[in-house]
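Enquirer: Handing you this structure, nothing more for now.
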Amino acid sequence: MKNVFLDLFDSPIGTIYVLSSSKGLHKISFSKKDIKYFIQKHFNNYKISNNNTINRKVLKFLNAYFNKKRISIDIPIFMKGTEFQQKVWLELLKIPYGTVITYKDIAKKLKLNKGYQAIGQANSKNPFPILIPCHRVVKTDGNLGGYSCGISKKKFLLNFEGIKL
């Protein structure tokens, strides 16, 4: 039987669930219900273990993040999404800590003249919140826009990084 690895991280905004396999990191989630559904859908016949190398790296990253330290860690990511979603997620990785960018800015960088909604949809499917910082994307008018993990978590993360909107 193959293994899937699930670890928990207690953050200032609740428990964060980290899920990986031998292929890489599959999911980071703030929701127990979401992570259970993901496991049932993708890893139904797997044994759930914890404390593997990938998860330890993610937990180290999260610990550093919530202690306001920036570290560079090589985390193998199993990025499953459409080609477009993956392009957006890779663009999100370029957003520096403590800064925001608009959906419109990302659309321009990807040469999508009016692709703001598509960018928002791709953000909402990001399986790696915080690691891939979709919380740093806001509307052109400065409003927060959405956040699949909940707008209160987005506000917390932005304030935590020193961004006042």
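Enquirer: Determine by what factor the alpha-carbon radius of gyration of the stretch 46-129 differs from 2.2 N^0.38 Å, reporting the quotient.
Expert: 1.28
Enquirer: Here is a further query. By average Cβ neighbour count within 10 Å, what is the ranking of 99-107, 122-130 from highest down?
Expert: My ranking of the peptides, most packed first, is 122-130, 99-107.
Enquirer: Another question, then. Once label points are set 7 Å from the Cα along Cα→Cβ at both ILE163 and MET79, what is their separation, rounded to one decimal in nm?
Expert: 1.9 nm
Enquirer: As a test, work out the antiparallel percent of DSSP beta bridges whose residues both lie in the chain, rounded to the nearest 5.
Expert: 65 percent
Enquirer: What's the center-to-center distance, using Cα atoms, between the stretch 84-137 and the stretch 36-53 in Å?
Expert: Cα centroid to Cα centroid, the span is 27 Å.
Enquirer: If I compute solvent accessible area with a 1.4 Å probe over the protein chains, what percent of it on the chain is carbon and sulfur?
Expert: 50 percent
Enquirer: Suppose all protein chains stay in the model; what accessible area per residue would a 1.4 Å probe give for the stretch 22-165, in Å²?
Expert: 58 Å²
Enquirer: Can you give the Rg to Rh ratio of the chain, both from alpha-carbon atoms, with Rh computed by the Kirkwood formula?
Expert: 0.96
Enquirer: Next question, about the same structure. Among ILE35, ASN50, ILE106, which residue has its Cα positioned farthest towards the positive end of the charge dipole of the chain, with +1 placed on the Cβ of Lys and Arg, -1 on the Cβ of Asp and Glu, and the dipole taken about the Cα centre?
Expert: Going by the charge dipole, the pick is ILE106.
Enquirer: Then there is this: Between the helical axis of 83-92 and the dominant principal axis of the chain, each derived from Cα atoms, what acute angle in degrees is found, rounded to the nearest 10?
Expert: So the inclination is approximately 70 degrees.
Enquirer: Now for a separate question. How many lysine pairs in the stretch 37-99, separated by 8 or more positions in sequence or lying on different chains, have Cα atoms less than 17 Å apart?
Expert: Count of close lysine pairs: 5.
The values are calculated or read from the model by the stated rules, or taken from the named source; none is laboratory data. Values in this document were obtained by computation on a predicted structure and should not be read as measured data. Here the Cβ is made from the backbone with ideal geometry for all residues, glycine too, and neighbour counts use every protein chain on show. Protein only, heavy atoms only, side chains kept; ligands, DNA and RNA dropped before computing areas. Shrake-Rupley method; radii C 1.70, N 1.55, O 1.52, S 1.80 Å.
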